[in-house]
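*Asks:* This is the structure, below, for whatever I ask next.
Every read-out reported here was derived from the displayed coordinates using simple, explicitly stated rules and does not represent laboratory data. Keep in mind it's a predicted model, so treat the numbers as computed, not measured. Glycine also receives a Cβ, built like all others from the backbone with ideal geometry; neighbour counts cover every protein chain displayed.
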Amino acid sequence: MIMKNRFIYFIVILAATLASCSESFTDRPSLSGATVSNYYNTADEVRAATSTIYSGLAWSGYEARALDCIGEILAGNEHTYNGDDTPFQLMTVSATSVRLSDSWKAFYKVNGWTSALIATFEQKIADGGDAAILEPAIAECHFLRGTVYFYIARIWGHAPIVTDPGAIALTGDFNIPRYFQEDVLRFALEELQLAEAGLPETDVPGRVTKYSAKGMMAKLYLYQKDYANAKAKAWEVMESGQYDLFPDYRAMFNSSDNNNNIETLFAVQHQCTMNPWGSGNQLNPDRGPSSLQTDEASMWELYRPSMDLRTAYEPNDKRRAGSMMEHGWNMADWKPQKLPQADGSFSPDDAAYNDFMKDGFRYDTIQDVKQGGTLNGTRSTIAKYVVGPGQKYGGEQVIGMNTGINFMMQRYADILLIYAEATLGEAASTTDATALEAFNKVRLRAGLPVKEVLTLNDIMKERRVEFAFEGDYWFDITRQGFEKAKQIIEAQNRGTISGIVRVTGFTEDKMFLPIPASEVLQDPLLNEDPQPYYTK
Amino acid sequence: MQNKLLRLTFLICLAAVMSTTMLFAQQRTVTGRVVDDNNAALPGASVVVKGTTIGTATDLNGNFTLPVPSDATTLVITFVGMDAKEVPITAGPINVTLTMSAEEVDAVVVIGYGTIRRSEVTSAIASVKTEEIQDLVVTGVDQALQGKVAGLQVMNNSGQPGGGVSVRVRGITSINSNDPLIVIDGVPFTNNNVENTGYDGLGGSDGQTQNSFLATLNPNDIESIDVLKDASAQAIYGSQAANGVILITTKKGKAGDGKVTYDFSYGLQQVGRTLDVMNLREFAEYQNSVIAELGSGYIPTEEFADPSLLGEGTDWQDAIFRQGYTMDHQLGISGGKENTSYYFSAGYFDQKGILIGSDFKRYSTRFNLDSQVKKWLRAGISSNITRAIQNVTLADAAESTIWWATLQNPLIPVRNLDGTWAGNYTVGGYTYTADNPVATSNSRGNKGVNSQIFGNIYADVIFFEGLSLRNEFSYQLGLQNNMAFQYEANIGTRSLQAQLYDSRNNSYYYAVRNYLNYNKNLGKHKLAFTGGHEAQYSYWENMGGKKVDLQNNILDMNAGGTDKLTWDLTGGKGDWAMESYFARGNYTFDDRYSLSLSYRGDKSSNFGPNKKWGFFPGASVGWTVTNEKFAANWANVMNYMKIRLGAGAVGNQNLPGGAPNPPYTSNVNFWPGPTGFGQVGTASTNFIAGIANPDLGWESVITYNGGIDFGFLNGKIDLTVDLYKKVTSNMLLFSTGPALLGIGDAWNDLKAPIGNVGQMTNTGIDISLVTRNISKPNFSWNTSFIFSHYKNVLDKLINESSSIDGKLYYDNYLITHTVPGYAVGTFWGLVTDGLFRTETDLANSFPQFGSAVSQNETWLGDVRYKDVHKDQVIDSKDLTFIGSPIPDFTFGLTNTFRYRDLDLSIFLQGSYGAEIFNFMKWQLERMNNVYYNQSTAVMDRYTATNKDGALPRFTNTNTNNTAMSDRYVEDGSYLRIQNITLGYRLPGTVINRAQMSNLRLFVTVQNLYTFTNYTGYDPEVGSYNNSIRLMNVDAGHYPNPRTYMGGVSVEF
């Protein structure tokens, strides 16, 4: 009897075991994601994928800090005390620089993401996906991919080109050579041409269009000194009538209200959030003055205007106050305040600070620093992309380091100045009416008198102040050739109020930056001579 | 657990036999007491009339009363782990002293899905008993194993209460988690970490977020620990066993009267040593001198004109360290009646860390019950409920509390005169902006509350003698609440916003196991078989939110601001399932030859359709040489010798962090918040979460083990030596390459495909030596020595230039870089060759990273690097191997002395030959600005007037001096006086009056002194977040505290 019980028990256990473990027990699809085969069927789903590559998630490694270091400090427009960044000021950048590896990573990450999406969407079309939905998204990816290679070619010169990272990863062959800079530029151009062909005429604000591609191509042609094409592409943008200068220069840079305004051809899209990290614009803390810091908004002015740039403005240039804060600069809406102590009282310094700022933020180099003053080495602070002390204090929303203002990578003013420069071409000067009109349009907004004759020097001076702190000046210097670059750089004052500092001995090898040391470790071919990418 | 069960069964059987015998035989009654060689009572010892089945067991006080037949002459007294003794039956009370058996050869060893006698073990298994670790000051049992088991490397990753512990069985098995499988009474735990939120959400660096899982369990409940070290032993656990298996058996009730135990200890903790940084006078002199060198653009600080007028300034290290404590209460109740035994306990542990902002509390209960329900059915339950509350301070990371405490300027006070926190100060035109670590630590926090419920229910059905079917159901339920918070506060001119991140993580796990056990002894043949089926499923989900502007700093979501734009809400879920079949056979012939074979097949949801199943065989043989006839006359010198050989394959499915779930797929995932055009109110932005690899399969580990066990001089000396080779192949790794591929393994990368990539080999030797130097009735001295050595080589990766990298400080600095041919975790950098001290040196210099010879670039006083690549330039090609974090050997030495009722143990442990990358030194000797404090070493830097200075010159333009180099690599060898404990057991006459059966008092000092040349806080650095990529990298390491503790154990 007992034995029988036990065997019944045994049979029951056995049956239960076998029943519980069906084939599907170890087949567990993702609980939190969709698969490519059952997704990317609607325009929203597809566009929500390319959306990521417009965001700070992709770009912030370049846009935050590297852009200041490469585009501005190196070019003599900004000054810094930060140990990681002073080598850019003194032209002693080494291959181990964090800023170099961060920006390198950011550009190639955009390349990886766009390449993977292009492959995914092309496969989806091959599998019967809706080409009308998928093809414009592929063109967006080509735009972004072309744009990053344009940056790569300008920063590093000869550089690797990768189009299928997944396949390379699985083979394990990471020996990818550097290709000639002209080939990298050509690759970027071809990507932009694919974008130009596939992008729509118009789209919702912020999304790139055919004309965004044309604008970027115009700039690229200019760097190739292909003035005819540069002029033609700039003209196509001007002629489209879709873009114009935004009337208030200063307002473009201090509020996300003017995101994707009429002047924007391409902008990194930001959302004011900490999650996911990088989605927000993080220039507010690195540029804003510590006297503007509140519990909502971090500020530590890592980068400041250089003494040299402060002398570059013509009198009464409205762009000066739009670009930097100097003694007397104010913003009535921003009312930063210190919080009370736990017992509700204020320390004497905090009380004085609150009183000083009660009618709005004042940039003041005389006031005690603990009571609202600002006293840095160049007696000035960058205003562009500083959106203020946070919502509680009369500004817009700021979450710690993050704001929601989009960063304009190319705006219509650039198109106008490209047009003028391309018209000038190799000539010493021009009086071309359309070129002058384009050029003077930019000056008129700045409240400056018009010019009757244009020289390259005029255009370069205009570009410097128009695009100050937007990361373009280093490229403007270097594209003029080594001799001119050396002359510009060695003449600059890279010091502070207490002393002039000049860089001497600028050499040709500093025209391009070194490839990050960590990359060379894993890809020793990067140390070798560049190769052609195109066979002809 | 099993040995207790056996004993219990034996007693139950005896009792049954006795009750029948008593009725018939003519009888007299003998009484007596059984004690060990320390005169401590031995409860549960068996007392049997020789040649009969008549017997009994001793009670709690070691006493027995046994009716014996009138013709009986001799009693046989046995106790597990002790030598059996025969004593003549005499009229008076019979007092018997048992001594520890020579080699404990017949102790029962817990193995997977069963137990085995030590004499039949053919693989590498080490055992630790609770007595060996009971006096150590530990939060979790993982810490207690340090220096106790040969082949087991235990390092505290942080001195943080409840902080992470790296436990490595025989070297580094995997690039991913190296956590061994821990099985507690049949419940498996594959992940030895609990994760807290970290600090990066509040701004700045994250700190270590991986804390010890075992700290959340009460170590006082543990009876024994068995470590399965080689694959022939591990193979029964198949794909979960590659990192080794640690089997933990908790305490069970013993037959006899109920027993109440109470243990209490209290200890004070302090920091062992602090770093030498400059005081205010020294700093002022330093800044004056540096500004003179810098020239234009810098103005000397007027206040520093005469440094001798200044005081010492703030000692920031003194401000962040404090006296900590540990307090431990443990109440245990156990016993056994008739067919049932029980054990239940309640524990409370409280620790206050030596660094501000860190503490740990644990409440725990355990309940174990075993019952012989029917003759054919035994059933039981073991269950655990714990709740651990941990406050984790920001440590072991760049910009952590310790980091800032060494760098913050002595000029700045902790608090202003009006009592407010001091922050950035402007003195002499310079604004000092480094963080106030005391204020920050007081204003922010990371709290984890971790509740764990787990247990095992079993039923053993006995079909007939030798054959039984065991059914087990194991479960785990984890509830974890993590908070990262910041209070509204003012620190200098900086205002902090009140913020709260609050997340809940729920997880559950179950396993259903059914397996047959068959045991048969036929004369000289002993046969055992185990085989069965197991199904496991694991599920987790989490949800977290954030709010800011908390009213009154109340840490509750509802107290936060209502502006939804500042809100944050995230979630996630995942699961995993595995089905397995396993079998093991053991055969022993004549106690001379033993053979063990095992096999397991695992089918996991983690692998691609082409590679779902993994198969893991193991085999081992043993030969007990001393049981051969020819060895009989060796017995005087060598009484025991056994040779063991084994080989086996185990697997690993530990995936790299951030792997898609399941890992072989490419999915579309969604960002937790708005990105790009994904504004509030619109659909979430998506991204491709990985590149698919349907051929993804198991990581495989194959081990070969050869070992010899010796017993010399009749048990005076036991020596065990094991040699092993362990080959890990098909490692599960993201196939990442250089960043230019655009794919990677960071959270915001397009995830590289996970592949089976590369191979790694560990070869090593484990030695364990136990000597019983003196064994007199009143005095004994035993020594235990363990020695572990292994060599790790990464044989290959996806290609020769591919590497395993470790980065620090927001991932900006490459510290470790392992290419094939080197040990993992290898430090990578330039080799220094002194300084440029003369014009001739400069003239003969090679360009260093493109720098010219000039004041701003390479100049007098700069570091000269070796041209390793011999191409007359110093560049990234000259980066090379500059040190290894892996020790040549680690060791532990325990001496225990007993004199009458006094016991003394002295435990030393150490590590030899490992190097440490002292990243703090990089920061403290950086000399590139005039704001941060520096180590006093910078006072001896190169200057025009100190051309023999040991350190390079100050420069804020030439960054080459601070490139990663051997300048920061130090010898990390150490010998630590880990623990000295003096105990006193009160004599029986005293305690019996108080109705106690045992009372012991003890005092302990732990981590008394460390002999080392390392200049950081503590040479026991461990691994950052338990990762092999950052081992022995010191970025402001939370040092292990020194503890002075006293305690008492009472037994009623």
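*Asks:* Once both axes come from the Cα atoms, what is the angle between helix B:2-24 and the longest principal axis of chain B, in degrees from 0 to 90, rounded to 10?
*Replies:* 20
*Asks:* What relative contact order, as a whole-number percentage, does chain A give when Cα pairs under 8 Å and 6 or more residues apart are counted?
*Replies:* 20
*Asks:* About its Cα centre, what dipole magnitude does chain B give when the only charges are +1 on Lys and Arg Cβ and -1 on Asp and Glu Cβ, stated in debye to the nearest 20?
*Replies:* So the magnitude is around 3800 debye.
*Asks:* Where q = 0.13, 0.15, 0.25, 0.30 Å⁻¹, what log10 of I(q)/I(0) comes from the Debye formula for region B:603-662, counting one point per Cα?
*Replies:* -0.58, -0.64, -1.01, -1.18
*Asks:* Just need log10 I(q)/I(0) for region B:203-262 at q = 0.30 Å⁻¹, Debye formula, equal scatterers on the alpha-carbon atoms, no solvent, rounded to two decimals.
*Replies:* -1.20
*Asks:* While we're looking at this one, here's another question. What longest region of chain A stays clear of GluC sites (Glu not before Pro) that DSSP places outside H, G, I, E and B and that have at most 14 other Cβ atoms within 10 Å?
*Replies:* In short, A:202-425.
*Asks:* Another question, if that's okay. For region A:49-205, state the semi-axes of the equivalent ellipsoid (square roots of 5 times the eigenvalues of the alpha-carbon gyration tensor), sorted largest first and rounded to whole angstrom.
*Replies:* Listed largest to smallest, the semi-axes of region A:49-205 are 31, 18, 14 Å.
*Asks:* So, one more: So what does the Cα-only Debye profile of region A:131-197 read at q = 0.24 Å⁻¹, as log10 I(q)/I(0), no solvent term?
*Replies:* For the requested q values the scattering log ratios are -1.00.
*Asks:* Please work out the Cα center distance from region B:591-667 to region B:909-945, rounded to the nearest Å.
*Replies:* Their Cα centres are 47 Å away from one another.
*Asks:* Semi-axes of the equivalent ellipsoid for the protein assembly as shown, please: Cα gyration tensor eigenvalues, times 5, square-rooted, ordered largest first, whole Å.
*Replies:* Taking √(5λ) for each Cα gyration eigenvalue gives 67, 36, 30 Å.
*Asks:* Angle, helix A:482-491 long axis vs. longest principal axis of chain A, Cα atoms, 0 to 90°, nearest 10?
*Replies:* 70
*Asks:* On to the next question. If you project the alpha carbons of region B:114-159 onto the principal axes, what extent comes out on each, in Å, largest first?
*Replies:* Extents along the principal axes: 40, 20, 17 Å.
*Asks:* Given a cut-off of 24 Å, what percent of all Cα-Cα pairs of region B:908-1052 lie beyond it?
*Replies:* The answer is 54 percent, as a whole percent.
*Asks:* Then there's this: Over the alpha-carbon set of chain B, divide Rg by the Kirkwood Rh and report the Rg/Rh ratio to two decimals.
*Replies:* When Rh is taken as the Kirkwood radius, the ratio is 1.00.
*Asks:* Report the net charge of residues surrounding B:ASP306, where surrounding means a beta-carbon distance below 15 angstrom and charges are Lys +1, Arg +1, Asp -1, Glu -1.
*Replies:* Counting the neighbours of B:ASP306, the net charge comes to -3.
*Asks:* Calculate how many DSSP beta bridges within the protein assembly as shown are antiparallel, expressed in % of all such bridges and rounded to the nearest 5.
*Replies:* Roughly 95 percent of the beta bridges in the protein assembly as shown run antiparallel, per DSSP.
*Asks:* What does the charge dipole of the protein assembly as shown about its Cα centre add up to, to the nearest 20 debye, if the Cβ of each Lys and Arg holds +1 and the Cβ of each Asp and Glu holds -1?
*Replies:* 5280
*Asks:* With all pairs of different alpha carbon atoms counted, what Kirkwood hydrodynamic radius in Å does chain A show?
*Replies:* After inverting the mean inverse Cα-Cα distance, the result is 25.3 Å.
*Asks:* Oh, and also: Given Cβ point charges of +1 (Lys, Arg) and -1 (Asp, Glu) and nothing else, what value in debye, to the nearest 20, does the dipole of region B:824-977 about its Cα centre take?
*Replies:* 300
*Asks:* For B:THR365 and B:THR31, FRET efficiency with R0 = 45 Å and r from the beta-carbon atoms, rounded to 0.05?
*Replies:* Calculated transfer efficiency: 0.75.
*Asks:* A further question on this structure: Report the one residue of A:MET217, A:ALA228, A:LEU185 whose Cα lies farthest in the direction of the positive end of the charge dipole of region A:139-235 (charges on C-beta: Lys and Arg +1, Asp and Glu -1; origin at the Cα centre).
*Replies:* The listed residue farthest towards the positive side: A:ALA228.
*Asks:* Over all directions, what mean area does the Cα convex hull of region B:87-182 project, stated in square nanometres?
*Replies:* With the hull built on Cα positions only, its mean projection is 10.0 nm².
*Asks:* Out of A:ILE489, B:VAL392, A:SER256, whose Cα points farthest toward the positive end of the dipole of the protein assembly as shown (charges: +1 Lys, Arg; -1 Asp, Glu; placed on Cβ)?
*Replies:* Among A:ILE489, B:VAL392, A:SER256, the one farthest towards the positive end of the dipole of the protein assembly as shown is B:VAL392.
*Asks:* Please name whichever of B:VAL154, B:THR1010, B:GLY492 sits farthest to the positive end of the charge dipole of chain B, dipole taken about the Cα centre and charges placed at Cβ: Lys and Arg +1, Asp and Glu -1.
*Replies:* B:VAL154
*Asks:* Using alpha carbons only, how many degrees (0 to 90, rounded to 10) separate the axis of helix A:43-54 from the longest principal axis of chain A?
*Replies:* Taking the Cα atoms of chain A, the angle to A:43-54 is about 50 degrees.
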